[in-house]
């Protein structure tokens, strides 16, 4: 049955399509293939999610080699929704990408762009789906290397420096991860995640185990841009091609957060990592610092892409904050924010892609008068911006609700207040954009972006509102994941 | 459930109206017809709910389930009924007025103006009929956001600055304080329902109740308790119809309405009566009443004076609710309606004076009553109602308010009310006196008559309503009485 092989197909389809793009050579054909593949992966991920919800965790043995010796793909309540997020963003970004890439990338490089894009997608999906620690590292490298290329293709020359910065930081992160995985293998003799989770009980509190945890945590934190390891992110997002920014901002850091959850909760076990080690407190402090420092820095940016890149660092802080609360409610808040922020940031960077198509690198000055010239784009920016603030009726509100509730459950009313106060910083930077769009006189003639770009962007904007009002799907999945993670070691 | 008895229709009508107004934007006459028709239809829909509510029914509608165990739902109770009646009724009058005002002053972006107005009214209906705190909060924020483009309508640097104050205070308080209070309530009680007798009884210590009350009272920034009142005078840069309906009726009343609703249905009057940790509230309200009146007295700009008068009058409602006696809570509900019709009359008059005579300052108003008798008579009626002189509606609510204060021997509150009555007289009577009995300062060379007819009709109607409410207060009284009945 084909459906039995869905976990493998989830990764294999984009992985094989990538070299096909190179063979195809023609930009439009490669785009068509990439688009079809994105839709296919989206369909597969939905099928997997439904299957997980119906029958529980899926274990798929690659080449039928039994775990823990063979590589196992494992889809459970935690990564199934993540697969849907990544593939959904890919599927929405693809139609948008055609016009945007045509404007930003030289035509002769198009097929290479799509090939790299598919590799990146395959890598991210692979990280999310695999149940093997070394395999995680392999896919992480596939996605990272292709990400460096995607960022470096930006038409601004600073894109190269940004890609190089990320290359250095990302490589350090990946090295740390592989060292951590190596130490785990050294002590337990296994690389299978589920097997690791069992065997690690024998080597608790041994120094190499602590070292493995430290290496993995720092390495993953680099990839997820946890404050203060976020320095690669603002430039990378600001100068990458619009399409790459939209896709990566909505997915790449989210996959890294997933790794943090997987290693922190499933492998090492939350009672060990967070109760006997001060990880929770560290994460809490760094998250709060991210909320305030990154949001404040965002306020003072004049490049709008950079502004929202810093906003991403702050928003990632909300996700890690939810994790650091170590309760089902807090985790639900963190995980649901992972989706919600993916939707909102994906929408914002796509809309900024529309702006970039008409004005070039979008700065606050270049947004002047956009409200009249590009009404759909600016209205979308306002709604997605409101979602970043957490206004009720948008997805951001749902995340804030759970985060504040989680803080109150722990009796940390000061944290609840801090979460809400930090939202007000978002009001300031979002309103800089609003005022630029609606209160300044337009400098020149600008047209609305083509529908092929505006419609996909608005799909995400609409999703921001829909999932802000009807949360049964998102909160349901996040709560399942949170319960699975919290229950993993009990 | 038939369509007529469904409170969701009251939201749908202005929301659909907004869409139609936007579509009709190119044809001003059609657009304004749609506005008027929507307003009239909304009032009719709200009226159909009235007999049910008076009969003790509580029409409800479930919109959708937003969070597990938390739905967006509507439920019409007497206080919401009263608020919805006032807001939707005055929207008709205000639309007539708007048409005159916007055309006479050749305002820009009129379509956006009417669309935002309709959305603001839909949000107001959502607030009035909200069945729980989450629903209330959702529409509360929607009202803030939909009125922001109206406040900044002129797009000038001044409007932009005022918009920042407006949004900064209203969003800051609602997200920073009100949302925290709501989540905290949910955490303590596991429900956000509006229940007769309150939901917090027995769930928290007195100190926590006091802290929650502070979060609610200052979190509902639209009630303009000092020191969080600055957004209201800032909002006066908006065109006058906005100041009239939104910043004398819908937005500010949404604030005090939420205050009364929270005190009655979340805290429960009996639960917190006599609690030491809530005794600060009447004090803050009293200080706001007196201080705002003094600022009003010193303001030469007419709209600014009216705005500070509103700040002061809003705290009447807060004070009345905070006295925590059945009679004073009734007064709070009544004053929401009474102040609405009176203050909208005053704003209508101010806008008429601006349109006809281009005068904005109190000191310029000498002799204006002879040129604009209808406007100034209406203004006088509104002013008398503010002071509380019979036969105007203001007398009724003030009567119950004083009765409430005296019934529990809260003489300080009574003294505040008396003092503010004197202050009200001090800042309104000179205007009326100058308008009718002083010669114009410019020697009368700038000849002008009354404002355009639609504006006159509107302000005459609300002035008449101010008097009519004195003689026929049955419906508001009945609704206010039912409020505590459950």
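Laid out as a table, the results:
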read-out	value
Residue within the stretch A:217-237 that is outside the structural domain of residue A:317 (by TED's automatic domain parsing), over 30 Å from residue A:113 (Cβ atoms), outside any loop (DSSP other than H, G, I, E, B) and at pLDDT 90 or above present	yes
Residue in the stretch A:365-372 that is more than 10 Å from chain B (Cβ to nearest Cβ), part of a loop (DSSP other than H, G, I, E, B) and modelled with pLDDT under 90 present	yes
Test result for residue A:470, over 25 Å from residue B:168 (Cα atoms) and free of Cβ contacts under 8 Å to residues at least 60 places away in the same chain	yes
Residue ranges of helices (runs of 4 or more DSSP H) in the stretch A:245-364 with at least 2 members more than 22 Å from residue A:409 (Cβ to Cβ)	A:295-299, A:304-324, A:328-359
Test: residue A:336 is away from every other protein chain (no Cβ under 14 Å), crowded, with 24+ Cβ neighbours inside 10 Å and closer than 29 Å to residue A:474 by Cβ	no
Unique match (being crowded, with 23+ Cβ neighbours inside 10 Å, more than 10 Å from chain A (Cβ to nearest Cβ) and touching a residue at least 24 places away in the same chain (Cβ under 8 Å)) among B:165, B:151	B:151
Sole residue being in a helix (DSSP H, G or I), touching a residue at least 60 places away in the same chain (Cβ under 8 Å), more than 19 Å from the chain's Cα centre (by Cα) and crowded, with 18+ Cβ neighbours inside 10 Å, chosen from B:180, B:134, B:200	B:134
Counted residues, the stretch B:391-439 - those being farther than 20 Å from residue B:312 by Cα and not in a helix (DSSP H, G or I)	5
Scan of the stretch A:13-26 for residues that are under 25 Å from the mean Cα position of the chain (by Cα) and without any contact (Cβ under 8 Å) to a residue 12 or more places away in the chain, ordered by number	A:16
Filtered residues of the stretch A:46-70 (kept if buried (at least 20 other Cβ atoms within 10 Å of the Cβ) and in contact (Cβ under 8 Å) with a residue 60 or more places away in the chain)	A:49, A:67, A:68
The listed residue being more than 19 Å from residue B:483 (Cβ to Cβ), surrounded by 17 or more Cβ atoms within 10 Å (Cβ to Cβ) and in contact (Cβ under 8 Å) with a residue 24 or more places away in the chain, out of B:49, B:85, B:70	B:70
Qualifying residue in the stretch B:192-201 (condition: closer than 17 Å to residue A:401 by Cα and within 12 Å of chain A (Cβ to nearest Cβ))	yes
Candidates B:243, B:315, B:328 - the one that is buried (at least 24 other Cβ atoms within 10 Å of the Cβ), at pLDDT 90 or above and more than 24 Å from residue B:129 (Cβ to Cβ)	B:315
Hits in the stretch B:72-119 - residues which are under 14 Å from residue B:136 (Cα atoms) and part of a helix (DSSP H, G or I)	B:79, B:80, B:83, B:84
Any chance residue A:376 is surrounded by 24 or more Cβ atoms within 10 Å (Cβ to Cβ), away from chain B (no Cβ under 12 Å) and either in contact with a helix residue (DSSP H, G or I) (Cβ under 6 Å, 6 or more places away or on another chain) or over 30 Å from residue B:112 (Cβ atoms) (or both)	no
Of all residues in the stretch A:146-162 being free of Cβ contacts under 8 Å to residues at least 24 places away in the same chain and over 13 Å from residue A:244 (Cα atoms), the one that is surrounded by the fewest Cβ atoms within 10 Å (Cβ to Cβ)	A:157
Matching option when the condition is under 13 Å from the mean Cα position of the chain (by Cα) and closer than 30 Å to residue A:195 by Cα, among A:138, A:84	A:84
Failed condition for residue A:191, given (1) farther than 25 Å from residue A:58 by Cβ; (2) surrounded by fewer than 24 Cβ atoms within 10 Å (Cβ to Cβ)	(1)
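So that you can scan it fast, the table gives a plain yes or no per residue for (1) buried (at least 20 other Cβ atoms within 10 Å of the Cβ); (2) at pLDDT below 95; (3) in contact with a strand residue (DSSP E or B) (Cβ under 9 Å, 6 or more places away or on another chain):
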| position | (1), (2), (3) |
| --- | --- |
| A:251 | yes, yes, no |
| A:281 | no, yes, no |
| A:287 | yes, yes, no |
| A:298 | yes, yes, no |
| A:302 | no, yes, yes |
| A:308 | yes, yes, no |
| A:311 | yes, yes, no |
| A:320 | yes, yes, no |
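The values are calculated or read from the model by the stated rules, or taken from the named source; none is laboratory data. Bear in mind that the values here come from a model prediction, so they are computed numbers and not experimental data. Don't worry about glycine lacking a Cβ; one is built from the backbone with ideal geometry, like all the others, and counts go over all protein chains shown.
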